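Written below as C-alpha cells is the structure these notes are about.
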Amino acid sequence: MAKKKPYVRPDGLMEKKLTINGKRYVFRGKTEAEIIRKIAAFQEKVEKGHTFEEMANEWWAYKESRLSPNTVGGYRTAMVRAIDRFGEMPIKDITATQVRGWLDSLARRGYARKTVANHLIVAAGVFSWACENHNLSANPAVLVHIPDGLPKEKRKMPLCSEIEIIKQHKDTKDGLLFYFLMYTGLRRGEALALQWKDIDVKSALIHVRRSLYFADSNVGRFKEPKTEAGKRDVIYLDRLQDVLEKYRGADENFVFGGTAPMTHKSFDCLVKRYHKQTGLTVTPHQLRHAFATLCFEAGIPEKTAQGLLGHAQLSTTMDIYAELRNKKLMEAACALNACEL
C-alpha cells in the first residue's frame, strides 16, 4: 500500500495527524521531511517523559496564587533551587535517593531545618502534581525525611538593656510603634492594618481582624488571617493606653499611618531612623518574643498565651515557654553555684 501523503492546507503548509498514547496530535511543516523530524522529536520526548522543570513550572503556575504572600518568596526560592538540581531530568527517573542527596547537600551548606523542610515541601508538591496530572506512578519525596541534626532558627530575645531603651523612646514618633509591638505581641502587618476603631478603650481590647502585606509592592494590601487563630482580641494594657491614647485619631484612620495605611517605603524609613536614633537592631518579630516572655513571667497559661499571640498551633507557644523555662533553670543553676552554705 502506498504511503499516505500529508494533507496540504490552504495556506500551503503540510499537515499530518497522529494518535499517540490515546491522544490526537497535529504536526505541520513546509515539507514532508520537516513533519517527519517533528514527529520523531516529539516521540523521543514522549519516551523520555516530562522533565522536572516542566512539571515545576506547571505546579507553580497553579500554586503561586494560592499561597499566602509571606510564603511565596520562600517557596519560589526553593523551587528555583530544585530546578537547578533536577531541571532537565525526566521526572519519572528521579529517585528518593536523589531527593535525599539534594536535601543533604542543602544541609551541608548550613541551611536551617525549617528552610530545608520548605525545599522538601516544594519538591513533594511538584512530584504530586505530576502524579495527579501526568500519570507519574509514585512521588519519591514522600519517602524522604529531613536530615537529622539541622539547626533550628531561633529569634533572639531582646536584651533587658534593649527593652529599657524601647521604653525610653516610647513617646517619640518612631519609637511608639516598637513600644506598641512589645506590649501587644502583634505581627508587623497586623499592627499596620489597625484602625482606631479596632482599639476599644472601654473594654481594654485590641481587635485583630486583618493584616497588611506588601509582597512586591510599595502599597500594601489587606488579607484575612490564614487561620481562625489569627482573628483575636488582645489585651490593651494600661501602660500602653497611657502612651497611645494621646495620639488617637478618627475611627477610620490608621493607628500607624493616618488616613491611609503606611507604605512599605515609609515603614523601612521608620525602622532605619529608629535604629539610627537608638542604636538598636531589634525586629518586630523579636518584640513578639518579648511579649511572649511577658506572658510567661505573668504566669499566663500556655493556651491563653496562644490565643493572645495568634499561634495556629499550641506547640509553637509551648516551644517558646519551654525555652524560657530552660533559661530560668540555667539562671537558677548559676545562682546556686555562686552560693555557699
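The values are calculated or read from the model by the stated rules, or taken from the named source; none is laboratory data. Predicted model, so just to flag it, every value in this text is computed and none were measured. Cβ: placed from backbone, ideal geometry, glycine included. Neighbour counts: every protein chain shown. When the accessible area is computed, the model is the full protein with side chains, heavy atoms only, and any ligands, DNA or RNA have been set aside. Shrake-Rupley method; radii C 1.70, N 1.55, O 1.52, S 1.80 Å.
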Please give the length that would be gained between E15 and K303 if that part of the chain were fully extended, namely 0.36 nm times their separation in residues minus their C-alpha to C-alpha distance (nm, one decimal). 96.8 nm
Determine the shape class of the stretch 279-334: with a ≥ b ≥ c the square roots of the Cα gyration tensor eigenvalues, call it rounded for a/c under 1.5, and otherwise prolate if a/b is greater than b/c, oblate otherwise. oblate
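Sorted by mean Cβ packing within 10 Å, highest first, what order do the peptides 87-93, 113-119 take?
For the peptides 87-93, 113-119, the packing ranking is 113-119, 87-93.
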Carbon/sulfur accessible area of the stretch 150-225, % of total, 1.4 Å probe, equals 51 percent
Over the chain, what lengths in whole Å, largest first, do the semi-axes of the equivalent ellipsoid take, defined as the square roots of 5 times the eigenvalues of the alpha-carbon gyration tensor? 55, 27, 17
To the nearest 0.05, what FRET efficiency results for I39 and Q98 with a Förster distance of 22 Å applied to their C-beta separation? 0.10
Whole-angstrom gap from the stretch 117-156 to the stretch 229-304, using each part's C-alpha centre: 36 Å
Considering Cα pairs under 8 angstrom that are at least six residues apart, work out the relative contact order of the chain and quote it in whole percent. 12 percent
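Taking all protein chains as present, what is the carbon and sulfur share of the accessible area of the stretch 237-313, in % to the nearest whole number, probe 1.4 Å?
Ligands and nucleic acids excluded, carbon and sulfur reach 53 percent.
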Assuming 1.567 mPa s and 4 °C, estimate D for the stretch 41-86 with Stokes-Einstein, Rh taken as the Kirkwood radius over Cα pairs, in µm²/s. 109 µm²/s
Need one number: nm distance between label points at I146 and D238, each 7 Å from Cα along Cα→Cβ, rounded to one decimal. 4.3 nm
So for the stretch 127-185, Kirkwood radius off the Cα pairs, Stokes-Einstein at 10 °C and 1.306 mPa s: how many µm² s⁻¹? 98 µm²/s
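Can you compute the helix-only [θ] at 222 nm over the chain? Use -39500 (n - 2.57) per DSSP H run of at least 4 residues, normalise by all residues, nearest 500 deg cm²/dmol.
-16000 deg cm²/dmol
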